[in-house]
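Reviewing the structure listed below.
The values are calculated or read from the model by the stated rules, or taken from the named source; none is laboratory data. Please read all numbers here as calculations on a predicted model, not as lab measurements. Don't worry about glycine lacking a Cβ; one is built from the backbone with ideal geometry, like all the others, and counts go over all protein chains shown.
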Amino acid sequence: MPSGEPTRAHKAITKAMAFYACITESGSGKHYIGYTSKLEQSLSRHNRNHHGFSYRKAEQWEIIVSKEYGTKAEAMRVEKHLK
């Protein structure tokens, strides 16, 4: 097998994972469109680390819509379409 190609096991794991395209909204009405394989963890990390511009009080973000896809490529395609 050529170097750099995913193994059969890696392909099986990737296919079993769910990917999400989502739109989140901040308390002030800002929107973010993205994709992730760990929806709640990604939102939690963003809320914990986000300081807003110039380190003013952080805004809390919430998921307003998300959809699950079977592959990363599908979720990325939807994200690109929404942007």
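Details
- Among the residues of segment 57-73, the ones that are part of a helix (DSSP H, G or I) and touching a strand residue (DSSP E or B) at 6+ places or on another chain (Cβ under 7 Å) come to 1 in all.
- Scanning segment 41-51 for residues that are closer than 18 Å to GLU79 by Cβ and at pLDDT 85 or above, we see that the one that is surrounded by the fewest Cβ atoms within 10 Å (Cβ to Cβ) is GLN41.
- Every condition in (1) at pLDDT 95 or above; (2) assigned to a helix (DSSP H, G or I) holds for ALA21 except the one numbered (2).
- Hey, SER37 small (Gly, Ala, Ser) and at pLDDT 90 or above or not: yes
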